[in-house]
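Participant: Supplied in structure tokens, the structure appears directly below.
The values are calculated or read from the model by the stated rules, or taken from the named source; none is laboratory data. The model shown is predicted, which means the values in this text are computed figures rather than measured ones. Positions of Cβ are generated from backbone atoms using ideal geometry, with glycine treated the same way; all protein chains shown enter the neighbour counts. All accessible areas refer to the heavy atoms of the entire protein, side chains included, with ligands and DNA or RNA removed. Shrake-Rupley method; radii C 1.70, N 1.55, O 1.52, S 1.80 Å.
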Amino acid sequence: MSVTVFAPATVANVACGFDSLGFAIDAPGDRVTVRKSTTPGLRITTITGDNGKLPLDPRKNTAGVSALALLEKLGETSGVEMEIHKQMPLGSGLGSSSASSAASVLAVNKLLGSPFTREELLIFAMEGEKAACGVAHADNAAPSLLGGFILIRSYNPLDIVRLPHPDELWCSVIHPHVEILTEDARNVLRRRVRLEDAVVQWSNLGGLIAGLFQSDYELIGRSLNDIIFEPVRSLLIPGFEIMKSEAMKAGALGCSISGSGPSVFALCRGETSARRVAQSMLEGLQNAGLQGDIFVSQINSRGARVEE
Ligand code: HSE
């Protein structure tokens, strides 16, 4: 018996919700296949799509670390073989490590007869994040596993809240062809925040969440502002200012960095607007002499899915 799971890419932070808000998109994403084996322990047999960058050693691989946390919690010692098919760029700001971890824990859980709920699987996927960047942040792993917009209301104890979103909300993502490691993008952040800035940031987060509940696209747009992290991190992203200004000129509700970058996302009302915005952002990037990929998607409400 084998189980294959696809887990989607995610946009973390969503401008004003650093480490506390994220949502899933339809594509890209990663696939993980697991099967039982007669050799005890977890073995990663194959990794594709990583240009040879990821380790096969499960203790050094985010999908492996997540699966081992799950297996150890169960006291499970029987053999499991894992294949990882990376179908999204590493270091892209699209939650690449989380997608692998989410796919890994959902697949292993299913293989073992689903002893855990999806919500319970999150802490194992977060172990993978810790291995990847040193911090067990959940704003990619939670939406990749559960779908939709997820608020991490508290890390200790872990308290996650599923949020609604309006039907016509679409996302345009542009991934410029540079790699930024989350760990590096966290190291450039200031450790102290001015009280006046904190007030602006948490007011925007409140506004964004109210906008999601009320299907108020204008309020969502007005709230998509990050005055604390974007000014610092955007310096690492070539072409950021032009992409953002092109997105806004083309009618985006708002635009900011996806996770720790370099991808940039815009939220839009409707598919037509989202496609126009994505194209304008890409042209802006190309005019600055850079290349990138675009992904246009509705908000993915389903999260990781078993394909079998
Ligand atoms: N919240 C995390 C960060 C997301 O911004 O560092 C990483 O994708």
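Participant: Percent of Cα-Cα pairs more than 25 Å apart in segment 1-144, please. Present the calculation step by step, with values, prior to reporting the outcome.
Facilitator: On the way: 1860 of 10296 pairs.
Looking at segment 1-144, the distances longer than 25 Å represent 18 percent of pairs.
Participant: So what are the ³J(HN,Hα) numbers for segment 196-207, from phi and the Karplus equation (6.51, -1.76, 1.60; θ = phi - 60°), rounded to whole Hz, Gly and Pro as x?
Facilitator: Running phi through 6.51 cos²θ - 1.76 cosθ + 1.60 with θ = phi - 60° gives 4, 6, 4, 4, 4, 5, 6, 5, 5, 5, x, x Hz.
Participant: Quick one: among D139, D19, D159, which has the greatest mean-square fluctuation in a GNM of the chain with alpha-carbon springs under 10 angstrom?
Facilitator: Of the options given, D159 has the highest mean-square fluctuation.
Participant: A further question follows. Collect residues whose amide H, placed 1.01 Å from N in the peptide plane, falls under 5 Å from the amide H of I47; neighbours closer than 5 in sequence don't count.
Facilitator: Amide H neighbours of I47, under 5 Å, 5+ apart: I84.
Participant: DSSP beta bridges in segment 32-104, what fraction antiparallel, as a percent rounded to 5?
Facilitator: Percentage antiparallel, nearest 5: 50.
Participant: Considering only C-alpha atoms, what is the centroid distance from segment 145-196 to segment 235-308, in Å?
Facilitator: For segment 145-196 versus segment 235-308, the Cα centre distance is 15 Å.
Participant: For segment 23-39, take each phi angle, set θ = phi - 60°, evaluate the Karplus expression 6.51 cos²θ - 1.76 cosθ + 1.60, and give the result in whole Hz per residue in order, putting x for glycine and proline.
Facilitator: Those phi angles translate into 9, 9, 10, 6, 8, x, x, 10, 10, 10, 10, 10, 8, 6, 9, 7, 7 Hz.
Participant: Right, something else. Convex hull over the Cα atoms of segment 169-298, averaged projected area in nm²? Before the final figure, lay out each step's value.
Facilitator: Details: hull surface 30.4 nm².
About 7.6 nm², averaged over all directions.
Participant: Still on this structure, I have one more. Tell me which lysines have Cα within less than 21 Å of K110's Cα, excluding those fewer than 8 residues away on the same chain?
Facilitator: Straight-line reach from K110, under 21 Å: K36, K73, K86.
Participant: Could you provide, to the nearest whole Å², the per residue accessible area of segment 70-145 with probe 1.4 Å? If you can, show how the numbers build up before the last one.
Facilitator: Details: 2280 Å² over 76 residues.
Dividing the accessible area of segment 70-145 by its residue count gives 30 Å².
Participant: Another question about this same structure. Would you calculate, for the chain, the mean residue ellipticity at 222 nm contributed by helices, counting each DSSP H stretch of 4 or more residues as -39,500 (n - 2.57) and dividing by all residues, to the nearest 500?
Facilitator: On the way: 10 runs with 115 residues, N = 308.
Value at 222 nm, helices only, nearest 500: -11500 deg cm²/dmol.
Participant: Sequence gap at least 6, Cα distance under 8 Å: using those rules, report the relative contact order of the chain to the nearest whole percent.
Facilitator: Across the chain, relative contact order equals 25 percent.
Participant: Amide H to amide H, which residues 5 or more places from N225 or on other chains are under 5 Å from it, using H placed in the peptide plane?
Facilitator: Answer set, sorted by chain and number: C16.
Participant: Could you derive backbone 3J(HN,Hα) for segment 164-177 from the dihedral phi with the Karplus parameters 6.51, -1.76 and 1.60 (θ = phi - 60°), listing whole Hz in sequence and x where the residue is Gly or Pro?
Facilitator: x, 8, x, 4, 8, 7, 10, 10, 10, 10, 10, 10, x, 7
Participant: Which trypsin sites (Lys or Arg not before Pro) does segment 51-143 hold that lie in a coil by DSSP with at most 15 other beta carbons within 10 Å? Can you show the working numbers first?
Facilitator: Numbers: sites: K53, R59, K60, K73, K86, K110, R118, K130; in loops: K53, K86.
Within segment 51-143, the qualifying trypsin sites (Lys or Arg not before Pro) (loop, at most 15 other Cβ atoms within 10 Å) are K53.
Participant: I'd like the antiparallel share, as a percent to the nearest 5, of DSSP beta bridges with both residues in segment 2-163.
Facilitator: Values: 26 of 32 bridges.
Of all bridge pairs located within segment 2-163, approximately 80 percent are antiparallel.
Participant: Mean separation of Cα pairs under 8 Å and 6+ residues apart, divided by the residue count of segment 169-298: what relative contact order is that in percent?
Facilitator: On the way: 234 pairs, mean separation 50.7, N = 130.
The value is 39 percent.
Participant: Would you please put 102-108, 228-234, 26-32, 3-9 in order of how densely packed they are, using the mean number of other Cβ atoms within 10 angstrom per residue and starting with the highest? Display every interim value, and only then the final one.
Facilitator: Values: 102-108: 32.3, 228-234: 18.6, 26-32: 22.6, 3-9: 25.4.
Highest-to-lowest ranking by the protection proxy: 102-108, 3-9, 26-32, 228-234.
Participant: Enter the accessible area per residue of segment 169-298 (Å², integer; probe 1.4 Å; all protein chains in place).
Facilitator: On the way: 6020 Å² over 130 residues.
Per residue, segment 169-298 has 46 Å² of solvent-accessible surface.
Participant: Moving on to the next point. Can you pull the percent of segment 199-308's accessible area that's carbon plus sulfur, 1.4 Å probe, other chains left in place?
Facilitator: For segment 199-308, the apolar C and S fraction of the accessible surface comes to 51 percent.
Participant: Return the percentage of antiparallel bridges among DSSP beta bridges fully within the chain, rounded to the nearest 5 %. Write down the numbers at each step before the final one.
Facilitator: Working: 46 of 52 bridges.
For the chain, the DSSP antiparallel bridge percentage is about 90.
Participant: With an 8 Å cut-off on Cα pairs and a minimum separation of 6 or more residues, tell me the relative contact order of segment 126-234 in percent. Walk me through the numbers on the way to the answer.
Facilitator: On the way: 99 pairs, mean separation 21.5, N = 109.
Relative CO of segment 126-234 lands at 20 percent.
Participant: Something else now. Based on the alpha-carbon gyration tensor of the chain, what equivalent-ellipsoid semi-axes (square roots of 5 times the eigenvalues) come out, in whole Å, largest first?
Facilitator: Numbers: eigenvalues 207, 79, 64 Å².
Those come to 32, 20, 18 Å.
Participant: Something else now. Could you tell me what percent of the accessible area of segment 2-163 is made up of carbon and sulfur, with a 1.4 Å probe and every protein chain present?
Facilitator: Values: 2780 of 5580 Å².
Percent of accessible area from carbon and sulfur atoms in segment 2-163: 50.
Participant: With charges only on Cβ, +1 for K and R and -1 for D and E, what is the dipole size of the chain about its Cα centre, in debye, rounded to 20? Don't skip to the end; give the middle numbers.
Facilitator: Details: 28 positive and 33 negative charges, 62 e Å.
The calculation lands at about 300 debye.
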